[in-house]
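Below is one structure, written out as structure tokens, with a few remarks after it.
The values are calculated or read from the model by the stated rules, or taken from the named source; none is laboratory data. Keep in mind that what you see is a predicted model, and the values were worked out from it rather than measured. Methodologically, a virtual Cβ is constructed for each residue, glycine included, from the backbone with ideal geometry; neighbour enumeration extends over all protein chains shown.
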Amino acid sequence: MKALLLVDIQNGFCPGGNLAVEDGNAVVTVANHLIEKGDYDLVIASQDWHPPGHGSFASAHPGKAPFDMGELAGKPQVMWPDHCIQNTPDAAFHPDLRTDAIDYVQRKGMDPMVDSYSAFRDNDRSARTGLDDWMRAQDIDTLDVMGLATDFCVKFTALDAREMLPGVTVRLIADGCRGISADGVAEALTALRQAGIAVIDSKDA
Ligand code: VGL
Ligand code: ZN
């Protein structure tokens, strides 16, 4: 089975959203094109889904501003603007995304005391979301990952897929991703390649 994993293609990470990624909405066209080409047996989407007052929000830390470094449960944590709060438009998938084609949605980031960039497990690597079990049951041999943001949720989702799904070919669709910082994107691509993840263009998917 060939699967497409769409990471956090939500209003919050698109222009106008609370944690907007430059040109983030451009990934919607790439996702829809891949879906419409029809080569994927399964389409999976992750959704950042935070409770109000989540511990990754700068607003939950007196004296901190968005994008400062801070701490959460004793570990270094980027202080994000309030974003993707459950059941708000910011957390909804981009309205143009072909959500009708999504077979499975994995929400993440619900625990107020730990962030979850990866769709597979929390940043402290303890609590798993269950996506790995679900994927294993589907007999997936190729997993193509794309979405937002390259340097955070896409990176950690793809790295966890590589580590937690041995035997599955994991590929990153580079033109289907946009990132928060240029340096972060360059580092992410290096880390992904080092982990054995092919970085490809959507036309070669
Ligand atoms: C993300 C920061 C905080 C992402 C989610 O989707 O990349 N980044 N929450
Ligand atoms: Zn988040």
Check: Going through the stretch 112-142 one residue at a time, which ones are closer than 25 Å to Asn11 by Cβ and in contact with a strand residue (DSSP E or B) (Cβ under 6 Å, 6 or more places away or on another chain)?
Finding: Ser116, Ala119, Arg121, Thr129, Leu131
Notebook entry, point to check: Residues of the stretch 174-199 being away from ligand 1 (no atom under 15 Å from the Cβ), without any contact (Cβ under 8 Å) to a residue 60 or more places away in the chain and not in a helix (DSSP H, G or I), which ones?
Noted result: Ala174, Ala195, Gly196, Ile197, Ala198, Val199
Check: Can you name the number of the only condition in (1) loosely packed, with under 15 Cβ neighbours inside 10 Å; (2) in contact with a Lys or Arg (Cβ under 6 Å, 6 or more places away or on another chain) that Ile35 fails?
Finding: (1)
Checklist line | Residues (assigned to a loop (DSSP other than H, G, I, E, B), within 13 Å of ligand 2 (Cβ to nearest atom), under 17 Å from the mean Cα position of the chain (by Cα) and not β-branched (Val, Ile, Thr)) located in the stretch 21-69 | finding: Trp49, Ser56
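A quick yes/no check of all residues on (1) in contact with a Lys or Arg (Cβ under 8 Å, 6 or more places away or on another chain); (2) closer than 20 Å to Phe93 by Cα; (3) away from ligand 1 (no atom under 16 Å from the Cβ):
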{"position": "Arg125", "(1), (2), (3)": "no, no, yes"}
{"position": "Gly130", "(1), (2), (3)": "no, no, yes"}
{"position": "Met135", "(1), (2), (3)": "no, no, yes"}
{"position": "Thr142", "(1), (2), (3)": "yes, no, yes"}
{"position": "Arg162", "(1), (2), (3)": "no, no, yes"}
{"position": "Leu172", "(1), (2), (3)": "no, no, no"}
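Listed residues Asp96, Asp100; which is in a helix (DSSP H, G or I), at pLDDT 95 or above and either hydrophobic (A, V, I, L, M, F, W, C) or surrounded by fewer than 17 Cβ atoms within 10 Å (Cβ to Cβ) (or both)?
On the way: Asp96 fails: in a helix (DSSP H, G or I).
Matching residue, one of Asp96, Asp100: Asp100.
For the stretch 71-85, enumerate the residues that are surrounded by fewer than 19 Cβ atoms within 10 Å (Cβ to Cβ) and either assigned to a strand (DSSP E or B) or within 10 Å of ligand 1 (Cβ to nearest atom) (or both). Spell out how you get there, then give the answer.
Of the residues in the stretch 71-85, the ones surrounded by fewer than 19 Cβ atoms within 10 Å (Cβ to Cβ) are 71, 73-76, 78, 81.
Matches in the stretch 71-85: Glu71, Lys75, Pro76, Val78, Pro81.
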